[in-house]
Structures are given as C-alpha cells and as structure tokens.
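Read-outs: derived from the displayed coordinates by stated rules, not from any lab. All of these numbers come straight from a predicted model, not from anything done at the bench. Here the Cβ positions follow ideal geometry from the backbone for every residue, glycine too, while neighbour counts run over all protein chains shown.
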Amino acid sequence: MTTVNGLRKFKDAQDYREHFVIQEQIDKYLPGGRHFVDGALIETLLAKARSAPPDPSRIREIIARSEETRATLPPEDAAALLQVDDPDLLEEMRAAADRIKRAVYDNRIVVFAPLYMSNLCVNGCTYCGFREGNSSQKRRVLSMDELKEEVDVLAGKIGHKRVIAVYGEHPSTSTEYIAETIRTVYGHACKAPKTGAPAGIRRVNVNAAPLPVEDLRVLHDVGIGTFQVFQETYHRPTYEKLHPAWSVKGNYDWRTTCFHRCMEAGVDDVGLGALFGLYDWQYEVLALVMHARDLERWFGIGPHTISFPRLEPASGTRVPEESPYLIDDATFRRILVATRLAVPYTGMIVTCRERPESRNACLEAGMTQLDASSNIAIKGYSDSAKISDQEKSRQQFMLADNRSLEEVVRYMASRGIITSFCTAGYRCGRTGGCIMDALKTGREGKFCKINAVLTFREWLDDFASPETVAMCEPLLKSELAGIEKWLPKFYPTVLKQYEATCKGSRDLFF
Ligand code: SAM
Ligand code: SF4
C-alpha cells in the first residue's frame, strides 16, 4: 500500500483486503465497544411485542404521533407496528403511511436508473453473482469512453436525469476511479431526440462499498448525491455466515459505521437499506430504525433514503432460492408501511428487483422513488442488443420489472401520480440537516411539487411519444391548479418558469 495525494493505493486484491479497513474510524463511532444496533434489545422487543396481539388503541396512538411529529419512532413502537396483521388495522396503517408520504413528498414519485460501472469484486457475498470466484461472470470495468456511451442512452435517449452508479469492491475501482466516473457523467452533455434541447445527468448517487473518511471527502468534492450502502442483514451471526471472514465485507462494524464516516466527511445524504430475504424481516426493520436514530443522535441528520431490495436469483448460487427468510408480496408491503410510519421523513426506494405488480402495490404504501428502463449489465444500456439471454442470466441478479420509463410514467399518470425528474435539492444546498427540517415541516413537499411539474414538462416535450404527452397533459394542468390554490402569491413566478420551459428553457428549478 502507498499513499498518493492523500489517498491510499493498493497493489493487488490481497493488499486491499489486508489494509483497507481503518479500525480507528470504526471505534470512534462505537464508544465503549457498544454497537448502536443492539441485537439483544431487538430480540427482547420483538419477543415482548409478539407475546400478545397488538392493542389497536396503542397502534392508533403510534400512528397519530408519527403523523403529527414526523419524527423517528422509538424501536418499541416500531416493534408494535410490525406485529399488526389484522387487515383493517393494516389498512389504517397503510392509509396513514400514504398520507404522510403525500404530506412530506406530495403525490410525486422520483425516477432514476442504475448505472453499473464494474463487476470486479474482492468479496465473497454468498448471494451475489459478482462475488469473487464466480467463474460464470465476465469481468469488466467501464472505461470513460464506454461510460459516455451509457450516458448517451440513459440521458440522451431515455431521458433520465438521475442515476445510481454501482460498483463492485476492488482496487481497480478505487475512489479515484469512482470520482472520475462521477465527473465524466456530470460532464457528458447529450441532446434530447425530439427538441435537440440539452440533456444530461444532473444527480449521480453512488452505491459502493464503505469507504474511509478521506475517500468520502473526495466524493463530496466531486458532487456526489446520495451515498448508498445496504447493510444486507443487520443480524450479526447471519451477516458473518453470508460474508466470509477473509473478505473486506466480512467486517460488520466497518459496514455499519460507514454513514457516520460519510457525515464526518460532509456527505450528508446517506441511503440505508437491508436485503430482505436474508434474515427475519422484523429484525431488519428494527435495526434500520436503530441505525437511523444513531445517525440522528450523532449528527442530527437521519437517512435521506431507505432502500428495500429483496433477494433475487443470481448466477452460481442457490442462496436466494433456499433462504428460509424469503418474504411474500404482502409482507413486503407491510415492511414499507411500517418503515414509512417509523421513519416518516425518509425517502423510500423500491427497485426493479420487484415484479411490476409488487411495485405498483407500493405506490400508495409510502414509496417515493423507483427506477425504470433499468439494465444492470456492465455496458448494458449501449450494448443491450448485443447481450445474449445467457449473458443476462449471469448478471448480478435478475430484474423482475422490465418496463420502460415511458410505460412506468403512463401507469403512474393513470393513477394520478406525477413522475418527477427533479434533482434540485442538493444543487440548492437542500441536503442533510437542512432537508430534514424541510421534509418534517412539509416545506420540501412544496418545492417538490413545483420542480416535479417543471421537470415532467421537460421530459414530456423532449422524450415522450405524442400519446404519452396527451395522456399526461391533464395531470400537469391539475398540478398547476393545485399550486395556484396552494401558493396563490407565488403562482405567477411558477407559471413564468413553466411557460419558459414550454418554450424550450431547461433545468429551471426552485
Ligand atoms: N459492492 C457494493 C456492496 O456490496 O456494497 C455495492 C454494490 S452491490 C453491486 C449492490 C447491492 O446489490 C448489494 O448491496 C446487495 O444488497 C444487492 N444484491 C446483491 N446480490 C443480490 C441478489 N441476489 N438479489 C438482490 N439484490 C442483491
Ligand atoms: Fe461484491 Fe457487492 Fe456483490 Fe458482495 S454484493 S459480491 S461486495 S458486488
């Protein structure tokens, strides 16, 4: 290992495995060796909550408090919510989750696409197609020219404005590489097919392995959006079984303290997640709540988003089929509803791992973001015609929702939901603590509504078919009428920006 410009460089995978984790950067956030995800407490809370049927009046009191304060619930309240299986009470919880989502984020869903940069990996996660030693995987790392071709499709043909860049963990995809890919994506301009207007990616979120503080500062400086790391499972014994001790990822504490380091480095939009199906879902939800609360305790800032990946089949492993903890769609929706009530202000992401029916059912269960037109092969967007079915079956895992962005937009419009391409938040400094306050008071929802209208108008004019435009016009009109009623004094300013967008101005936002 050497250090160049303040960043450590590793000579090979073994050097990386031996030296990557920095113990002091773990210990700092686990004072006295106590972990903020208290496994024993989770077991006790769940045992107590499971010992008697939930009392409906207590559940209603918890729901009311969540709606009123929009503050993260104590774990014992979350444990109570997780026990509800009476259909009527569950429906009350779902309706409340939907009201909270609308109050905080309005009736819009933000869309994005995954952009896979590399599948080289030094780890051995037993459920993942990218794990080291899986010989069915053709390994590659995107070059910057190849990356530009991917952006040409994502931003220039489909019309995405927001991506989540995904990386395996490997010295060949070091922080320098991640930073270069982010700069390349931001810097690559395209032209919209219908109007020739400038198009491009405006927010790059990252899903990568945990990093040390110094590396996170570099990503902060190149303008990263959210830094996502899924914990997979918070249950330490299961985690250790699924992630071999010889791997970097085998270090549970390095992974769980990653967001504390993010905050220290100024990356204050962080994305939590658990891979549902690896362990008891109720355990995972309580651990997510504890994780959110610890971040709030240290930094006054909770998770910008929580993701809900569900275990999918992957090449060369039977773990996804054979896990005893797989969940059905109804349970998946319960997880979303309980999380919306337990962490009311957070963004909630459901990915194309879900089948369309399952994702559609999440639209009114607290979800705020989804991906569409997704392809998770490396160079999958620009080479899609060249990728054989056999190769597709060797991806990291199998996607279940293959709908195009346009299909998703139309489906959501048919349910009165506006698709938002808004990326204004972090560009206006509305991140971290600032956005937390705005979300809790509902102030952000107002910006969201206006920015959703402006960016949706852009996308319809630049990328959509005439049928889709015709179908979505009434929705835009009713959104504008809603803004006029809601913010009468500000409405003329909004209308001016809307009209400018109709005439071809781009990237106007509040
Ligand atoms: N390599 C980094 C890591 O593991 O943190 C980041 C990227 S990894 C490619 C992204 C996520 O994919 C993982 O965190 C995991 O939750 C998810 N994943 C892996 N295997 C999966 C499977 N079989 N089904 C669904 N999701 C899976
Ligand atoms: Fe590597 Fe991430 Fe897959 Fe684990 S989940 S094998 S770390 S790419």
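Here is how the numbers come out for the structure above:
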{"read-out": "For the chain: relative contact order, % (alpha-carbon pairs under 8 angstrom, 6 or more apart)", "value": "20 percent"}
{"read-out": "As computed over the stretch 171-241, the Cα convex hull volume per residue (Å³)", "value": "135 Å³"}
{"read-out": "Inter-probe distance in nm under a simple model that places probes 7 Å from Cα toward Cβ, at A71 and T493", "value": "3.1 nm"}
{"read-out": "Rounded D (µm²/s) - the stretch 447-502, Kirkwood Rh over Cα pairs, Stokes-Einstein at 20 °C, 1.002 mPa s", "value": "187 µm²/s"}
{"read-out": "Cα centroid separation - the stretch 266-280 against the stretch 68-140, whole Å", "value": "7 Å"}
{"read-out": "Convex hull volume of the stretch 1-124 per residue (C-alpha atoms, cubic angstrom)", "value": "237 Å³"}
{"read-out": "Bins of 20 Å, starting at 0 and running to the largest distance - Cα pair percent for the chain", "value": "23, 59, 18, 0"}
{"read-out": "Evaluated over the stretch 230-282, the Cα radius of gyration and Dmax, each in Å", "value": "12.0, 33"}
{"read-out": "Binned Cα-Cα distance frequencies in the stretch 166-286 - 5 Å width, integer %", "value": "2, 10, 18, 19, 17, 12, 9, 5, 4, 2, 1, 0"}
{"read-out": "Surface/4 of the Cα convex hull for the stretch 73-139, nm²", "value": "8.5 nm²"}
{"read-out": "M144 versus N402: modelled label distance in nm, points set 7 Å from Cα along the beta carbon direction", "value": "3.5 nm"}
{"read-out": "Alpha carbon Rg of the stretch 255-372, scaled by the compact-globule rule 2.2 N^0.38 Å", "value": "1.08"}
{"read-out": "Of all DSSP beta bridges in the chain, antiparallel share, percent nearest 5", "value": "20 percent"}
{"read-out": "Cα lying deepest toward the dipole's positive end in the stretch 224-289, options T226, C262, A245, charges on Cβ", "value": "A245"}
